[in-house]
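Everything on this sheet refers to the single structure shown next.
The values are calculated or read from the model by the stated rules, or taken from the named source; none is laboratory data. Since the model is a prediction, treat every value here as computed from it, not as a measurement. A quick note on method: Cβ atoms are made from the backbone with ideal geometry, for glycine too, and the neighbour counts reach across all protein chains shown.
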Amino acid sequence: MYRLICPVVDAALEVNGLEAFFEYSQPNGPNRRLSADVAILRNEEPVWLIEAKRFTQKLHPDLVAGYLKPGVMGVVTNGNDWIFVVRGKHLRIGPMVHEDGTIDIAIRDALVRTLSSVSEDDALRNHTLWCDAWVVPKKSGKAPAVWEVNRGKGSRVYAEKETFTRLRDAVQKAAEFAKPDSQTGFFLEEVLQSGSEIPGGSIEVSEKRLIWWLPGGGRGVRINLESKQLEILVHNSLLDAVGRHNIKASIKLHDKNHAMSVCKASTPAELRSLVPVFTAVPKVA
């Protein structure tokens, strides 16, 4: 953030005369707890919303697209690669860092020029390489060195797992591990009372997680049983099948697995709105 992203933002502000605001929160329909890492404001209204990720993280335009309203432009960046989102179009600029860790000045100047745009028309005119559909970029040569020392993780202890084919049996087992009076526990009760049943696959339960494995082998749902607030990872095809407009919980695309979204809920209405994901028929490529 401070070595790569903020210097580009500061340079853009020198050009357009606007101001930056960090951890900018805004209501966004049912996903009302969205917070962008940086906002570039004009008259206290956002012009750009910037989502900052770790240096080595893979990027996708949907990581910021869900924050945007008409007239607001977005960027998701790991400091090295930058993806701009304007009127549903995408533009990738980068990488900005050479293999030896030095900055590519031409790329940096292109970033500053784009980010200093104060309107969608200005941004779109700055480049001719805007795309309507996102295409995952091919890996380029050797990646630059990461500017931090990884902390030792130690050994990983694997929890015992039990596999079920019926949702009710799996949820009853998972309820034994949920924290007392937690939103996660209340959600499991809602699932039991609904009488819902998965359309296929199997469910794996440990003391830490409940995971619905889809018939094709991928994860459909993962619930963190250790969390007091409900934190549930859901495959995007299930959310689409239920209808995102029917889900009152917050929804945010997963940072690393772009086929999944993280849903968080704390009120009864938010909890109940997520129960149907277990009955949805997945459409996994």
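Of note:
- Those residues of region 187-229 which are surrounded by fewer than 17 Cβ atoms within 10 Å (Cβ to Cβ) and either assigned to a helix (DSSP H, G or I) or β-branched (V, I, T) (or both), in sequence order: E189, L192, Q193, S194
- Pair list, Cβ under 9 Å, 6 or more apart: region 125-137 residue without any contact (Cβ under 8 Å) to a residue 60 or more places away in the chain and within 9 Å of R92 (Cβ to Cβ), other residue acidic (D, E) and not in a loop (DSSP other than H, G, I, E, B): none
- Close contacts from region 85-100, counting a first residue that is surrounded by 19 or more Cβ atoms within 10 Å (Cβ to Cβ) and a second that is modelled with pLDDT under 90 and not in a loop (DSSP other than H, G, I, E, B), with Cβ to Cβ under 8 Å and a gap of 6+ residues or different chains, come to V85/V64; V85/A65.
- Looking only at region 146-173, and only at residues there that are under 25 Å from the mean Cα position of the chain (by Cα) and surrounded by 11 or more Cβ atoms within 10 Å (Cβ to Cβ), the one that is modelled with the highest pLDDT: V146
- Residue count for region 267-283 satisfying the condition of being crowded, with 17+ Cβ neighbours inside 10 Å and of a type in the set (G, A, S): 2.
- First in region 35-58 and not assigned by TED's automatic domain parsing to the domain that holds K256 and surrounded by fewer than 20 Cβ atoms within 10 Å (Cβ to Cβ), second anywhere and modelled with pLDDT under 90 and of a type in the set (S, T, Y), Cβ under 6 Å, 6 or more apart: S35/S25
- Screening region 1-110 for strands (runs of 3 or more DSSP E) wholly inside it with 3 or more residues that are at pLDDT 90 or above and farther than 27 Å from D132 by Cα returns no ranges.
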